[in-house]
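The values are calculated or read from the model by the stated rules, or taken from the named source; none is laboratory data. All values derive from a computational prediction rather than experimental measurement. Positions of Cβ are backbone-derived with ideal geometry, glycine not excepted, and every protein chain shown enters the neighbour counts.
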Amino acid sequence: MDDKNLNTPLLLFDHECTLCVRFKDSLDRININEKVNMISLHDDRVYERYPFLDKKQCKETIHLVLDEKGPEVLVGEKVVEYLISLNPKIQKFTWLIESKMGQKAISFFYHAVNNYRESLLNRCTGCRNKH
């Protein structure tokens, strides 16, 4: 993996979490990787290049770095909103995503998936020791 993969937008994912890897693979299938660089949150080069990121927080919640010059970091459900906005098939429905109900749906979805991810990590002895 070269340093080009550390350019923004940069999505951090947990390559040791099967759910996170499936999420990344799904994004690859819809070609999000043409618009977003994805890298494991366990790659220490990320924290060298972006020292404002906290590895512990990145393990707990999905992070996306948007601009390295004036860094903006999206966290949690804001990452989901951003990724949805990149899909051309969904762009015409952004008004729905931006609505109050759309925001509630994204928040619910994100928190449900994150809780499931945490339960998977807690059930796996090997994962628990790494996190």
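From the list 45, 117, which residue is of a type in the set (Lys, Arg) and at pLDDT 75 or above? Being of a type in the set (Lys, Arg) and at pLDDT 75 or above holds for just one of 45, 117, which is 45. Say we look at the stretch 8-27 and pick out the residues that are at pLDDT below 85 and farther than 16 Å from residue 74 by Cβ; which of these is surrounded by the fewest Cβ atoms within 10 Å (Cβ to Cβ)? Across the stretch 8-27, the extreme among qualifying residues is 26. The criterion of at least 2 residues that are more than 23 Å from residue 111 (Cα to Cα) and under 12 Å from the mean Cα position of the chain (by Cα) is met by none of the strands (runs of 3 or more DSSP E) wholly inside the stretch 1-70.
Restricting the stretch 120-130 to residues that are surrounded by 10 or more Cβ atoms within 10 Å (Cβ to Cβ) and over 18 Å from the mean Cα position of the chain (by Cα), the residue that is modelled with the lowest pLDDT is 128. Name the single residue, out of those in the stretch 69-79 being loosely packed, with under 15 Cβ neighbours inside 10 Å and out of contact with any His (no Cβ under 7 Å at 6 or more places or on another chain), that is modelled with the highest pLDDT. So, considering only residues that are loosely packed, with under 15 Cβ neighbours inside 10 Å and out of contact with any His (no Cβ under 7 Å at 6 or more places or on another chain), the one modelled with the highest pLDDT is 72. Applying the criterion of being modelled with pLDDT of 75 or more and either among the aromatic types (Phe, Trp, Tyr) or exposed (fewer than 11 other Cβ atoms within 10 Å of the Cβ) (or both) to the residues of the stretch 80-103, the residue that is nearest to the chain's Cα centre (by Cα) is 82.
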